[in-house]
Every structure is written in C-alpha cells, then in structure tokens.
1. Which numbered condition in (1) of a type outside the set (D, E, K, R); (2) closer than 22 Å to Leu185 by Cα; (3) assigned to a helix (DSSP H, G or I) is the only one that Ala24 fails?
2. Take Leu205 and decide whether it is closer than 21 Å to Pro112 by Cβ, modelled with pLDDT under 95, surrounded by 15 or more Cβ atoms within 10 Å (Cβ to Cβ) and of a type outside the set (Val, Ile, Thr).
3. Give the residues of the range 109-130 that are of a type in the set (D, E, K, R), closer than 16 Å to Thr170 by Cβ and touching a residue at least 24 places away in the same chain (Cβ under 8 Å), sorted by residue number.
4. For the range 34-41, state whether one or more residues are surrounded by 14 or more Cβ atoms within 10 Å (Cβ to Cβ), in contact with a helix residue (DSSP H, G or I) (Cβ under 7 Å, 6 or more places away or on another chain) and not in a loop (DSSP other than H, G, I, E, B).
5. Six or more apart or on different chains, Cβ atoms under 7 Å: show the pairs whose first residue is in the range 1-18 and assigned to a loop (DSSP other than H, G, I, E, B) and surrounded by 10 or more Cβ atoms within 10 Å (Cβ to Cβ) and whose second is of a type in the set (A, V, I, L, M, F, W, C) and modelled with pLDDT under 95.
6. If you take the residues in the range 156-185 that are outside any loop (DSSP other than H, G, I, E, B) and hydrophobic (A, V, I, L, M, F, W, C), which one is farthest from Val14 (Cα to Cα)?
7. Given the criterion within 25 Å of Leu73 (Cα to Cα) and not in a strand (DSSP E or B), identify the matching residue among Pro153, Pro143.
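The values are calculated or read from the model by the stated rules, or taken from the named source; none is laboratory data. Since the model is a prediction, treat every value here as computed from it, not as a measurement. All Cβ positions, glycine included, derive from the backbone under ideal geometry; neighbour counts span all protein chains shown.
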Amino acid sequence: MGQAHHLFTTPFVVDTLQSEAGIAMLREAIEAEMARDPKGLEISNLGGWHSNTRMLEWGGEAAKALVYKAMTLADTATLDAKSPDDSRFGWIPELWANVNGKGSANQYHTHPGSYWSVVAYVDDGYDGSDDPELGGELQLLDPRAPTPQMAVPDLRLLGADRKPQPCEITIRPRTGMVVMFPSWLPHAVCMYRGEGTRISVAINLTAALKPNR
C-alpha cells in the first residue's frame, strides 16, 4: 500500500487578550468612532457597521497595544528564509472595527497584498449563551478553491488522521479571542441572529523591508 504524505498546511494562530481594561478601552473607542461616523463603510460587510481603516489614529493606546500583539504573533509565525536570525522585514498595520447587530454578516473575501490577517473579538455578542442558533461564527474556506466545486462534491480527501478533510471550518468566537491566519485564506462571518452587539477589530499586516536593509 502506498504511503500518503501531506503537504502545504495552512497555519492558524489563536491567542487571548489578557486585559479586561484594554478590551473596555477598545470598545469605548469604537463606540465613539461609530457615533462620529455612523455611516461607516461597506466592503465585505452585509449590514452592520464597518469603520474606516484608520483605527490606529483614533483607537488610542489600546489599539496600539493590540497592533503590537498582532505583530508579535506574526513574528513568531514567520521566518525570513534568507536571514533567519535577523528578519529583514517588519509589518505595516492597517486596522478597522466591525460592529454587527442582528441579521448582519460578512461575505467571503481575502485581503490581497497583506501577509497576515488578525481578528480580535471585543464582544462576541452571546452574553454567555452557548446557543448555536445565534450564529456569528468565523468561517474559513479551504483555499484549494476547486475542492468544494468538484464534480463529485461528496468525495473528501483523507487527512493525516485518516479522517475526511472539511471544505469549510467554522469557529465560534469568544470575547477576548484573537485569531491570525494568512491573508490569502478566504474567510467570512455567519449571520448573527442574537439580540446583542458583536464588536471585533480586524488587522491586516503587510510585510515591508526594514529601513537600511
């Protein structure tokens, strides 16, 4: 019997915001910006509110601390192949806030040009409930685009654990959760059906050569 080898895994990093005060500061800054600019933007969001991408300017010290955490996560998950002991690259961040009420969602999309994408959950909107009917999950689509579109979609490739590989993974967020994934990975947000308010911060990190390198 032939031996199966598994290639090109996709990294997905999960961490947690440790400071409740920092989470509260993020929420306060987001609510203030939403009051200043209630219209926001329409990009991948279906309903809800999407801020401008200048949150580093109006988000205060909590936003700066969140960006530092995101860049630290990126540093630990990335290697400069030509300079492994002293990376020639740093990160240019871009961040914004998403506020979703009942019926809001985000359609599948990627972030071309960025290297890592990060989402931090300021409020999961569940108010402690485990009810799966509330929705609002983060969805990650198999980046091997033809897989869910094959002529025989019921067939599944077997993974290293000999279990069928899913075409889509769903992750239920929680307040304080931070997730990071490659920016080319298609992702979406399921429709939120709760009565609360879901608040998250999204960050794109673009790789750039450090000065004098």
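1. (2)
2. No, not satisfied.
3. Start the filter on the range 109-130 by keeping residues that are of a type in the set (D, E, K, R), which leaves 123-124, 127, 130.
Now drop any that are not closer than 16 Å to Thr170 by Cβ, which leaves 124, 130.
Correct list: Asp124 only.
4. No, every residue in the range 34-41 fails to be surrounded by 14 or more Cβ atoms within 10 Å (Cβ to Cβ), in contact with a helix residue (DSSP H, G or I) (Cβ under 7 Å, 6 or more places away or on another chain) and not in a loop (DSSP other than H, G, I, E, B).
5. His6/Ala160
6. Step one: of the range 156-185, the residues outside any loop (DSSP other than H, G, I, E, B) are 158, 164, 168-171, 177-182.
Still in the running and hydrophobic (A, V, I, L, M, F, W, C): 158, 169, 171, 177-181.
Working: Leu158: 25, Ile169: 14, Ile171: 11, Met177: 7, Val178: 6, Val179: 5, Met180: 7, Phe181: 9 Å.
Among those residues, the one meeting the criterion is Leu158.
7. Among Pro153, Pro143, only Pro143 is within 25 Å of Leu73 (Cα to Cα) and not in a strand (DSSP E or B).
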